[in-house]
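Structure first, commentary second.
Read-outs throughout are calculated quantities, based only on the coordinates presented, and are distinct from any laboratory measurement. Since the model is a prediction, treat every value here as computed from it, not as a measurement. When we count neighbours, we look across all protein chains shown, and the Cβ atoms used for this are built from the backbone with ideal geometry, even at glycine.
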Amino acid sequence: MTAAVSRTGTRVERLPLSRFTTLGVGGEAEVWFVESPEGLAEAMERPYRVLGGGSNLVVSDAGVPERVIRLSGPLAERDLTPDPALSTPECVVTGWVGGGVPLPGLVRQLQKLGLSGLEGTVGIPAQVGGAVWMNAGTRYGEMFDGLHTVEIVTPEGTRQVTPDELPWGYRQSGIPRNHVVTRVRLSLTVSTPGAVLARMDLADQARKGQPKMKTPGCAFKNPGGVSAGKLIDDAGLKGTRVGGALIAPEHANFIVNLGGATAADVHALLDIIRARVGVPLELEYELWPGQGEP
Ligand SMILES: Cc1cc2nc3c(=O)[nH]c(=O)nc-3n(C[C@H](O)[C@H](O)[C@H](O)COP(=O)(O)OP(=O)(O)OC[C@H]3O[C@@H](n4cnc5c(N)ncnc54)[C@H](O)[C@@H]3O)c2cc1C
């Protein structure tokens, strides 16, 4: 299908989702490049999914039947101007930052401005909306460290909430699935570019052993505090390959795309890991469609 324009002026295109995932895998879906509240309301009139940076997804080779919402245009722009009514000499509350803004660029920009709060999330290849939805982070900090207001849109309406109105916790915001984080306002501590950079370097150091190839990040959660990577390594699985997918030699909890990998290749590797590691492992990434879904 060539690009079409919907009733509200939203660009709609049937595209391979491999273009939008960090693994570089995924079949076709109807992608709605939503730029306005009206466009979002229209996209939500039929079953939909929300796509962020695609950095926590393994999408089926057959794609997904639902509309895929991609926040674009003004919903992928940022206004970091301090709000004079809410900011103090120590703390800046920004204007609105779109859910479609890539997190790595935002973190770099905040560092240059000497604003502290999100630097612990350095190296996470998410979009702001996806990172808020999962409360992405590292031991050096997480998304909810820097949030003032979160705007959430559902087919029923729009609400703006503060973090203390959400039941957020470790790697979760408490925001139900398919409630769309359209934009946020940030609450940041005034620091210096050098101090923020030093904290970013610490978080960066922790990633040194991770592979640089296309990947959706860690495959499995650490069961009961034991390193999933060590369990997979101990099972002798580093370097195991199926088709174009490989268990990374650098870190066994990462599956990478050598080029031309399919979702079926990745699933085959996940099955091998589950069969060979002696303890039950819970998947870190999300599967599209999920188990039991079409
Ligand atoms: C190399 C690499 C390193 C990583 N390191 C880390 C790490 O250190 N810490 C960490 O926590 N994670 C890490 N991840 C995983 C991933 O980046 C996070 O889980 C991130 O939060 C996913 O965000 P995303 O925008 O890519 O969402 P996607 O992968 O596109 O989607 C994930 C989920 O979020 C939902 N979603 C996306 N956007 C929105 C939105 N606007 N509103 C509502 N829901 C939305 C989707 O519907 C889906 O359910 C890493 C991934 C990679 C590839």
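Using the Kirkwood formula over every pair of different C-alpha atoms, what hydrodynamic radius in Å results for region 75-185?
Result for region 75-185 stands at 14.0 Å.
What percent do you get for the relative contact order of the chain when only Cα pairs under 8 Å and 6+ apart count?
Relative CO of the chain lands at 17 percent.
Please give the calculated 222 nm ellipticity per residue for the chain, where each DSSP H segment of at least 4 residues contributes -39500 (n - 2.57) and the sum is spread over every residue; nearest 500 deg cm²/dmol?
Result for the chain: -6000 deg cm²/dmol, rounded to the nearest 500.
What is the ratio of the Cα radius of gyration of the chain to 2.2 N^0.38 Å, with N the residue count, to two decimals?
Ratio of Rg to 2.2 N^0.38 Å for the chain: 1.03.
Determine the distance separating the Cα centre of region 138-198 from the Cα centre of region 218-284; give it in Å without decimals.
30
Calculate, for residue 14 and residue 287, the FRET efficiency according to 1/(1 + (r/R0)^6) with r their C-beta to C-beta distance and R0 22 Å; round to the nearest 0.05.
0.55
Suppose every Lys and Arg Cβ carries +1 and every Asp and Glu Cβ carries -1, with no other charges. What dipole size does region 77-205 come out with about its Cα centre, to the nearest 20 debye?
Here the size comes out at about 240 debye.
Could you check the spin-label model distance between residue 189 and residue 237? Points 7 Å from the Cα along Cα→Cβ, value in nm.
Between residue 189 and residue 237, the label points sit 4.0 nm apart.
Size of the dipole of the chain about the Cα centre, Lys and Arg at +1 and Asp and Glu at -1 on the beta carbon, nothing else charged, in debye to 20?
Roughly 660 debye, rounded to the nearest 20.
Net charge near residue 264, counting Lys/Arg +1 and Asp/Glu -1 over other residues with Cβ under 11 Å of its Cβ?
With Lys, Arg at +1 and Asp, Glu at -1, the net is -3.
Would you kindly derive the ³J(HN,Hα) couplings of region 197-204 from the backbone phi angles with the Karplus curve 6.51 cos²θ - 1.76 cosθ + 1.60 (θ = phi - 60°), listing them in order in whole Hz, with x for Gly and Pro?
4, 4, 6, 5, 4, 4, 5, 5
Non-local amide H neighbours of residue 220 (under 5 Å, H modeled in plane, Pro and chain starts lacking H): which ones?
284
One-quarter of the Cα convex hull surface for region 210-261, in nm²?
The directionally averaged projection comes out at 3.4 nm².
Rounded to the nearest 0.05, what FRET efficiency do residue 160 and residue 212 have when you use their Cβ-Cβ distance and R0 = 45 Å?
Step by step, r from the Cβ atoms, then E = 0.70.
Quick one: length gained pulling residue 86 to residue 171 fully straight, 0.36 nm per residue minus the C-alpha distance?
Gain on extension, residue 86 to residue 171, equals 27.8 nm.
Just for the chain, what percent of DSSP beta bridges are antiparallel, to the closest 5?
Here the antiparallel bridges make up roughly 75 percent for the chain.
So, counting K/R as plus one and D/E as minus one, what does the shell of residues with Cβ under 10 Å around residue 11 add up to?
-1
Once label points are set 7 Å from the Cα along Cα→Cβ at both residue 38 and residue 179, what is their separation, rounded to one decimal in nm?
2.7
Net charge around residue 135, counting only other residues with Cβ within less than 13 Å of its Cβ (Lys, Arg = +1; Asp, Glu = -1)?
With Lys, Arg at +1 and Asp, Glu at -1, the net is -1.
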